[in-house]
1. How many residues does the stretch 323-366 contain that are modelled with pLDDT of 85 or more, surrounded by fewer than 17 Cβ atoms within 10 Å (Cβ to Cβ) and outside any helix (DSSP H, G or I)?
2. If we scan the stretch 450-462, do we find a residue that is within 27 Å of residue 333 (Cβ to Cβ), at pLDDT 90 or above and out of contact with any strand residue (DSSP E or B) (no Cβ under 9 Å at 6 or more places or on another chain)?
3. Checking the condition within 28 Å of residue 341 (Cα to Cα) and of a type in the set (Gly, Ala, Ser), which residue from 65, 48, 74 passes?
4. So in the stretch 191-239, with the set limited to residues that are small (Gly, Ala, Ser) and farther than 30 Å from residue 25 by Cβ, which one is farthest from the chain's Cα centre (by Cα)?
5. Considering the stretch 39-63 alone, what residues qualify as being at pLDDT below 90, hydrophobic (A, V, I, L, M, F, W, C) and either closer than 14 Å to residue 248 by Cα or touching a Lys or Arg at 6+ places or on another chain (Cβ under 9 Å) (or both)?
6. Considering only the stretch 142-170, how many residues are modelled with pLDDT of 90 or more, surrounded by 14 or more Cβ atoms within 10 Å (Cβ to Cβ) and farther than 19 Å from residue 111 by Cβ?
Amino acid sequence: MTATTTTPPKQSGGLGHRRLGVPSVTLMIIAASAPLTVVAGGVTTTFAVTGVIGVPIGFIVLAAALAVFAVGYAAMSRYVTNAGAFYAYIAQGLGRPFGVGASLVALVAYNAMQVGIYGLFGFQMSMFLEAKLGIATPWWLWILVCIAVVAVLGVNRVDLSAKVLGILVALEFAAVLVFDIVSFSVAPEGVSTAGLELSNLFVPGVGAVLSFGIAAFMGFESAAIYGEESKDPKRTVARATYAAVAIIGVFYAFSAWAFTVGIGPSQIAEASATYGPDLMFVFMSEHAPVIISDLMQVLFLTSLFAALQSFHNAVARYLYSLGREGVLHRSLGSVRAVSRAPWAGSVAQTVIALVVTLGFVFAGEVMGLKNDFAPTEFLYPVLTMFTWLTNTGAMGLVLLMCIIAVSVIGFFRRDRRGLGRWSTLISAVVLFTVFVLIVANFNVLLGQAETTPVTFVLPALLIVPGVFGVIWGFVIRKRNPELYARIGHGIEEAEADMIDGEGHRGL
């Protein structure tokens, strides 16, 4: 960090302008939520842990709440275009120091989500190869390979990532729809609507259902991150956000309902507890040709890869925004000349993923902690790296959405520009309620029967950097008023066009 200079941070060119339309941004949002992973893993886990049959209608309730949040979020996107998204919105809505604090929380949250998913990817790839080919490989080997592939895509044109993710998301949707069709054709207890009845949601355990469910939507807020690269930022961000919330909410609710119909409402909780994420594939192997089940397992892996790439892109752009404005080291604001990708931020995220992965490998394999944190050692990356980090990331992103809801009120307090006051207040109340539920059910989310040091260490990874960031914001205000004035404001469109016309430094 630095705040000693009074000259504007040097640019190596802006991000690739005008490359992404609404479909591309929407697909990258959906890729982050990993549809097949949510249906196969998230839905079954929720059924198994809570025993609540109303999981499907829970997705509709959450989608409605997030749609209300999206009203203010989308309205603000028409006036604030910045790759830093949450950081910029909070800086302009609540004040620059809070924006800096939010930026560090966002960096921790997005990195936690991305690196945590690597744990599940490595586990699934290793288990798949052993089951199908009889090849035993360490889980971490495939994470290292995947990190390399994600790194290459991360420093190339963003529309290349969008095309790759678009293909993978389309295949995921097709696979889940096949499962849905088979489920309704089997229906051992008939096509029951029990999963869609509110009376089966608002029962003991509803808090855990909503806590698990909100994680399935993580990534929907990332449209604003691509604002500077969108063809029409003032419309693309809003439309992509609304589209993603609607598609994700309806698709997850329908597929979760199909799960209850295919397995049977009376059996879904027990079957989910017995088979976990494998329940979908076991079900398909029993009721469809084995090749379909095998293809779905491959698509499960590509689903994880798509989420990894999407979160990697988000972190790279946050680092780029913070480096460009001088909040973090200015080298992070470098853009690759050919692809216009934020290569420095991308490389930094790759290094973070590599270091954290090696840390878990060292702790588990060398220090022998895998025997302390997993009943069977092969589950170590799932029960620690994946479970710990993704739930921490989800907690951080929900917290940021709560603050964003309040920021929207602050941003429009003098001129509401047609935005209704009640929608922003309702979204703030709903999101803070969900955040409280996550905190109250954090042990459940981590799969712990009782409180352990991990219960406090993981939230501290979010809170401490946030507090430090707010303090750092006030330090910048005192040391460098000129730099402080730029916080959260990025570069104006005219300046961006001027930069586009100049030669670009970088790779």
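1. 1
2. The initial filter retains those residues of the stretch 450-462 that are within 27 Å of residue 333 (Cβ to Cβ), namely 461-462.
From what's left, at pLDDT 90 or above: 461-462.
With the extra rule that they be out of contact with any strand residue (DSSP E or B) (no Cβ under 9 Å at 6 or more places or on another chain), the set shrinks to 461-462.
Scanning the stretch 450-462 turns up at least one residue that is within 27 Å of residue 333 (Cβ to Cβ), at pLDDT 90 or above and out of contact with any strand residue (DSSP E or B) (no Cβ under 9 Å at 6 or more places or on another chain).
3. 74
4. For the stretch 191-239, the residue satisfying everything is 192.
5. none
6. Within the stretch 142-170, residues that are modelled with pLDDT of 90 or more, surrounded by 14 or more Cβ atoms within 10 Å (Cβ to Cβ) and farther than 19 Å from residue 111 by Cβ number 1.
Here's the yes/no breakdown for (1) open to solvent by less than 10 Å² (accessible area, probe 1.4 Å); (2) without any contact (Cβ under 8 Å) to a residue 40 or more places away in the chain; (3) closer than 12 Å to residue 488 by Cβ:
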{"position": "67", "(1), (2), (3)": "no, no, no"}
{"position": "73", "(1), (2), (3)": "yes, no, no"}
{"position": "99", "(1), (2), (3)": "yes, no, yes"}
{"position": "116", "(1), (2), (3)": "yes, no, no"}
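Matching residues to (1) surrounded by fewer than 17 Cβ atoms within 10 Å (Cβ to Cβ); (2) of a type in the set (Phe, Trp, Tyr); (3) farther than 27 Å from residue 74 by Cβ:
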position	(1), (2), (3)
180	no, no, yes
184	yes, yes, yes
190	yes, no, yes
198	yes, no, yes
208	no, no, yes
212	no, yes, no
217	no, yes, no
221	no, no, no
227	no, no, no
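The values are calculated or read from the model by the stated rules, or taken from the named source; none is laboratory data. Quick caveat: nothing in here was measured; it's all calculated off a predicted structure. Please note: Cβ atoms are built from the backbone with ideal geometry, for glycine as well, and neighbour counts cover all protein chains shown. Remember, those area values only see protein heavy atoms, side chains included, never the ligands or the DNA or RNA. Shrake-Rupley method; radii C 1.70, N 1.55, O 1.52, S 1.80 Å.
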